Amino acid sequence: MSESPLVRDLISVGEVGSEYTVRGWVRSRRGSKNVSFVIVTDGSTIKTIQCVVDGDTDVSEADMARVQTGASVVIDGVLVESKGRGQRVEIKALRLRVIGDADPETYPLQKKGHSMEFLRSIAHLRSRSNTFGAVFRIRATLAQATHRFFANRSFQCVQTPVITASDCEGAGEMFEVRAGKDHFFGREAMLTVSGQLNAEALAYGLGRVYTFGPTFRAENSNTSRHLAEFWMIEPEAAFFDIHDDMDLAEDYLKALIDSVFEHNEDDLQFLGRFVDKSLIDTLDMTRGATFVRLTYTEAVDVLKKSGVAFEFPVGWGVDLQTEHERFLTEEHFKRPLIIRDYPKEIKAFYMFGNDDGKTVAAMDVLVPRIGEIIGGSQREHRRERIEERLLADGMELEDYSWYLDLHRFGAVPHAGFGLGFERAVMFCTGMSNIRDVIPFPRSVGAAAF
Ligand code: 4AD
Ligand code: MG
């Protein structure tokens, strides 16, 4: 271990009797005239290291006065066994220096228990709090686990453009891109809502690919589950059908949960205690469960027979609302489920038309507390069918000319999905508002730029 290890390593594998340098921020300070207990955090773990400062410590009176919550410090000392409860070791400080002050009159994170709304208004500071530290460490774990999962299955990581001209989802919820008043590209251009169409092009060359990028939706839905800027992971695989796609989605979600149990045990315990008491049970249940798989038609039957008075009425051909999805996963089946074969009218043009002529091979993965976390489908690879769907949806074939061209040469069945990264972070942290799982949220009418 280095001489200035991260707190995470120091408290777990630091050797008692050795000298180390602790570099971090003061979380709190208490004590008497003769001895001070300075609690230091460095962001590597939710845990802290206690540094004991006494008459033997080389520190000026002026510096001691600057040891305030939020100040940055460098402390050299000897690691000793701690007499305090709940900690293996502490630092007996030999020398303490304050690097940067945090004025107690103005530093907003003095005490615990700030509301999420307040913390959202100081997004630039909130990563210093326990809750956001835990959330963003778990977010990082999920990103790493994503790359590992797909690499292990021979999916190539690809990058797709942020600026685009085609409306992948056909929902018309795109932000325009201009330079001043001008069409910079000589035509209309937008921020992408999904990297899928480009990923499909790459899957025809590379076989199995995935993207992990920002996506943008100008949805006017000011809900706790929608952002205007969010991140999506989109695998796309040639020769996959809808069943391969569902298997991949289920395995991926379970791998994400496993990674959090493996790397963020302390963060999970904290969030399970202070944010969502059912968090750990829900995650454990999910990774152990076989996801229920049923068709949209079966799901509508369950909802109709439930006798529940939903705000939005249920009927075949109408899209499922969050209340329906949550009823199915939380109350009826009590585990994650995958609904497939939706009516073609409520789904995007690129989905594979089933033989019944009425449904498409779409699938949504629903989990408790969140509802839809993944949306995907087997893609329509029969070019004439894609053209028919585009025209039926009132789109211009010209706008999709390169996409149609793909399927002119060596078209094969293929499938993919999109996981909303923030929804996955919500699920794995118990956070109830999507604005609190992305460092700097952008949502309709509310962005703390
Ligand atoms: O279901 P969606 O719209 O699917 C697609 O965009 C496909 N092109 C994906 C694919 O097949 N490659 O979006 C995928 C997921 C949703 O299940 C949801 O988790 C998330 O993206 N999502 C959002 N997350 C945050 N804010 C929003 N406004 C979101 N819209 C969708
Ligand atoms: Mg969807």
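Derivation of every value follows stated rules applied to the coordinates shown; laboratory data play no part. These numbers were taken from a predicted model, which means no experiment stands behind them. For neighbour counting, all protein chains shown are included, and Cβ atoms are generated from backbone atoms with ideal geometry for every residue, glycine included.
As I understand it, the value is the acute angle between the Cα axis of helix 242-263 and the longest principal axis of the Cα atoms of the chain; what does it come to in degrees, rounded to 10?
For helix 242-263, the angle is close to 0 degrees.
Computed from the mean reciprocal separation of all distinct C-alpha pairs, what Kirkwood hydrodynamic radius does the range 7-100 have, in Å?
12.9
Across the chain, where is the longest run that never hits GluC sites (Glu not before Pro) in a DSSP loop with at most 12 other C-beta atoms within 10 Å?
Value returned for the longest uninterrupted segment is 189-310.
Considering only DSSP states other than H, G, I, E and B, which trypsin sites (Lys or Arg not before Pro) in the range 212-283 qualify as loop sites with at most 12 other Cβ atoms within 10 Å?
Lys277
Please list, by residue number, every one of the chymotrypsin sites (Phe, Trp or Tyr not before Pro) in the range 222-289 that is coil in DSSP and has at most 13 other beta-carbon atoms within 10 Å.
The qualifying sites are Phe239.
Can you compute log10 of I(q)/I(0) for the range 98-171 with the Debye formula, treating each Cα as one identical point scatterer, at q = 0.19, 0.21, 0.22 Å⁻¹?
Rounded to two decimals, the profile gives -0.91, -0.98, -1.01.
Using only the Cα atoms, what convex hull volume per residue in Å³ does the range 76-207 have?
Roughly 273 Å³ of hull volume per residue.
Using just the helices of the chain, give the 222 nm mean residue ellipticity in deg cm²/dmol: DSSP H runs with n ≥ 4 each add -39,500 (n - 2.57), and the total is spread over all residues, rounded to 500.
Helices in the chain give a 222 nm mean residue ellipticity of -9000 deg cm²/dmol.
Name the trypsin sites (Lys or Arg not before Pro) in the range 306-357 that are in a loop by DSSP and that have at most 15 other C-beta atoms within 10 Å, would you?
Listed in order of number, the matching sites are Lys334.
Where the eigenvalues come from the Cα gyration tensor of the chain, what are the semi-axes √(5λ) of the equivalent ellipsoid, largest first, in whole Å?
Here the semi-axes work out to 49, 24, 21 Å.
Check cross-link reach from Lys181 to the lysines: straight Cα distance under 21 Å, and skip same-chain residues fewer than eight apart.
By straight Cα distance, Lys181 reaches no lysines at all.
Gap in Å between the Cα centre of the range 373-423 and the Cα centre of the range 26-57?
Their Cα centres are 58 Å away from one another.
Among the lysines, which fall within straight-line cross-link reach of Lys83, defined as a Cα-Cα distance under 26 Å, with same-chain neighbours fewer than 8 residues apart omitted?
Straight-line reach from Lys83, under 26 Å: Lys33, Lys47, Lys92, Lys111, Lys112.
Checking the cross-link filter: which aspartates and glutamates have an alpha carbon closer than 16 Å to that of Lys305, excluding same-chain neighbours under 8 positions apart?
Glu323, Glu325, Glu331
Hey, rough spin-label estimate for Lys111 and Asp241, points 7 angstrom out along Cα→Cβ, what's it come to in nanometres?
6.3
Against the longest principal axis of the chain, how steep is helix 279-288, in degrees 0 to 90 to the nearest 10, with axes from Cα atoms?
With both axes taken from Cα atoms, the answer is about 50 degrees.
At R0 = 51 Å, how high is the FRET efficiency between Arg97 and Glu262 if r is their beta carbon distance? Nearest 0.05 is fine.
About 0.90, to the nearest 0.05.
Around Ser443, which amide H atoms from residues at least 5 apart in sequence, or from another chain, sit under 5 Å from its own amide H, with H modelled in the peptide plane?
Excluding prolines and chain starts, which carry no amide H, the hits are Ala228.
When the Cα centres of the range 249-298 and the range 66-125 are compared, how far apart do they sit, in Å?
32
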